[in-house]
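Here's the structure, in structure tokens; my notes come after.
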Amino acid sequence: MSEPHETNLENQQCVEDIRGQRVQKSLRMQEAGLNIYGARVEGISKIEELRQAFLALPEDSEEKLRFKIAGRLMARRLMGKSLFANLKDQNGMLQLYVQKNALGDEDYEFFKDLDIGDIICASGYAFRTRSGELSLHVESFELLSKILRPLPEKYHGLRDMEQRYRQRYLDLIMNDAVRRCFEMRSRIIAEIRAYLNNKGFMEVETPMMQTLAGGAAAQPFKTHYNALGCTMYLRIAPELFLKRLLTGGFEKVYEIGRNFRNEGMDRRHNPEFTSLELYEAYSDCRGMMELLEDMVCQVAEKTLGTLELKHSEEKCISLQRPWRRVPYEDLIKEKMGADWYELDLATQREKAAALGLQISADMDAVAITHEVYDRCIEGSLIQPTFVTRLPAFLVPLAKRCVDAPELVDVYELIINGQEMSPGYSELNDPAEQRSRFDAQNIGCGEQEGEVDRIDEDFLCSLEYAMPPAGGLGLGIDRLIMLLSGEESIRDVILFPQMRPLK
């Protein structure tokens, strides 16, 4: 007789007791000659395929369509000499109807002794019950994999967020919405690739281990390469290698891959994350805005069928074009007053502190202004907004604005209060790039004793003439959050980084 499967997973002793019982049951099955961990099964149909084939039959048809369905047993209801069960595959749930007369005494008792969570293959014909539910009349079945640990019980489910992240496999079994989110993630990435390939971009792969952590201002993960006897870093960005390809003659390149930053974790940051980075020769910042806007809208329409994203009862984000474009300086003036840039440093410091900002004594006017933007403005930009013409010190790899050399020709796309994508008119002047590296220490090693190291090979590549170009980055995880309505990055990464259990 099968033990009750409804159990609270927080009660570890109960879990271990049930596991012990199932281990003993498994041993008895194996001693009886049963294979409880089956091999390949030929001719399996998906539940959705069964459903579509059955619905295509004429209503008066008496044809019995036979199918072989594999999946996880999720429920069972005993009714005398027959029982009903629910079988779940990746995309659907199907009711099984099991009769003692159809299976025979031995196989029927074996089916009754299965545990919720066992993976089986059932063969039979499709029919509708008196209540109209599509079902499979089981004529034979096979146990393919025995479950030893109990699934969370039906009504309380798997609610502990930490357990959901640590045991994502269990989360996927129990929560259909979670599985749909990751299926959506896969479709979104596929649509991005299809869009870029159709636009003539070539997908490339650049090193994930680098001798210099360049392309962004971030703390890298450090390792040692035994074969070469040198320190290496997991990449924080692929930018400098992708730009080398522009010099080499590839005019449209992109990479979708992992980046690593040895920094904090919160609802919007994971130390290992996925990004898209692309570069197009003979384009610029405006070309990148147009491309990104078109790509995101097309991806949303193809995966969701809408450009209206409802994140809550109070918050609806519209991707309808055109998206707002506004200079950084205008946003600052909207928040701090039209005379902000004419104020002396002491007055700026006082007004910023009045907003509750921590303004240190060594912060200059540019740093104070960006603190205001970072803490008080960015989070308020819910609808898609391209923030343009940023201070040059913030973006050392971009071209200066012709009419304002203290600014750079860039955008930051903000949606739902967070940065989704930066885009630049790329700097291709090797002399200016060197001076920017010297001033900002971008492209340098981040560890002690290495801060003066600059990526000389990248500068060398610029001296072979890199064409004028536009470039952009797009946080894939944040895009998934936007389109799925999730508010935590951990909910869109299959296996987010967690503190090790002691």
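The values are calculated or read from the model by the stated rules, or taken from the named source; none is laboratory data. These numbers were taken from a predicted model, which means no experiment stands behind them. Backbone-built Cβ (ideal geometry, glycine too); neighbour counts: all protein chains shown.
Brief remarks follow.
- Hits in segment 54-100 - residues which are part of a helix (DSSP H, G or I) and crowded, with 16+ Cβ neighbours inside 10 Å: PHE54, LYS100
A quick yes/no check of all residues on (1) over 44 Å from the mean Cα position of the chain (by Cα); (2) of a type in the set (Phe, Trp, Tyr):
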| residue | (1), (2) |
| --- | --- |
| LYS68 | no, no |
| MET74 | no, no |
| ARG77 | no, no |
| LYS81 | yes, no |
| PHE84 | no, yes |
| LEU94 | no, no |
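- Residue check, TYR125 in contact with a Phe, Trp or Tyr (Cβ under 7 Å, 6 or more places away or on another chain) and in contact (Cβ under 8 Å) with a residue 24 or more places away in the chain: no
- Exactly one residue among LEU331, LEU343 is of a type in the set (A, V, I, L, M, F, W, C), under 21 Å from LEU472 (Cβ atoms) and not assigned by TED's automatic domain parsing to the domain that holds GLU191, and that residue is LEU331.
- Enumeration of residues in segment 15-53 that are outside any loop (DSSP other than H, G, I, E, B) and in contact (Cβ under 8 Å) with a residue 60 or more places away in the chain: VAL15, ILE18, ARG19, ARG22, VAL23, LYS25, SER26, MET29, TYR37, LEU50, ARG51, ALA53
- For segment 378-397, the set of residues classified as more than 25 Å from SER488 (Cβ to Cβ) and touching a residue at least 60 places away in the same chain (Cβ under 8 Å) consists of PHE386, THR388, ARG389, LEU390, PRO391, LEU397, listed by residue number.
- The number of residues in segment 286-324 being in contact with a strand residue (DSSP E or B) (Cβ under 9 Å, 6 or more places away or on another chain), of a type in the set (Lys, Arg) and surrounded by 14 or more Cβ atoms within 10 Å (Cβ to Cβ) comes to 1.
- Among the residues making up segment 148-204, those that are under 17 Å from LYS302 (Cβ atoms), over 19 Å from the mean Cα position of the chain (by Cα) and without any contact (Cβ under 8 Å) to a residue 40 or more places away in the chain are ASN197, ASN198.
- Residue in segment 241-248 that is aromatic (Phe, Trp, Tyr) and free of Cβ contacts under 8 Å to residues at least 60 places away in the same chain present: yes
Every residue, every condition in (1) touching a helix residue (DSSP H, G or I) at 6+ places or on another chain (Cβ under 7 Å); (2) within 20 Å of PRO207 (Cα to Cα), yes or no:
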site: PHE241; (1), (2): no, yes
site: ARG244; (1), (2): yes, yes
site: THR247; (1), (2): yes, yes
site: GLU255; (1), (2): yes, yes
site: ASN270; (1), (2): yes, no
site: TYR282; (1), (2): no, no
site: LEU304; (1), (2): yes, no
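- GLU342 fulfils the conditions (1) surrounded by 12 or more Cβ atoms within 10 Å (Cβ to Cβ); (2) more than 26 Å from SER435 (Cα to Cα) except for a single criterion, (1).
- In the set (1) of a type outside the set (Val, Ile, Thr); (2) touching a Pro at 6+ places or on another chain (Cβ under 7 Å); (3) crowded, with 19+ Cβ neighbours inside 10 Å; (4) more than 19 Å from ASN428 (Cβ to Cβ), LEU196 fails one condition alone, (2).
- Residue within segment 264-274 that is buried (at least 18 other Cβ atoms within 10 Å of the Cβ), in the same structural domain as LYS199 (by TED's automatic domain parsing) and outside any loop (DSSP other than H, G, I, E, B) present: yes
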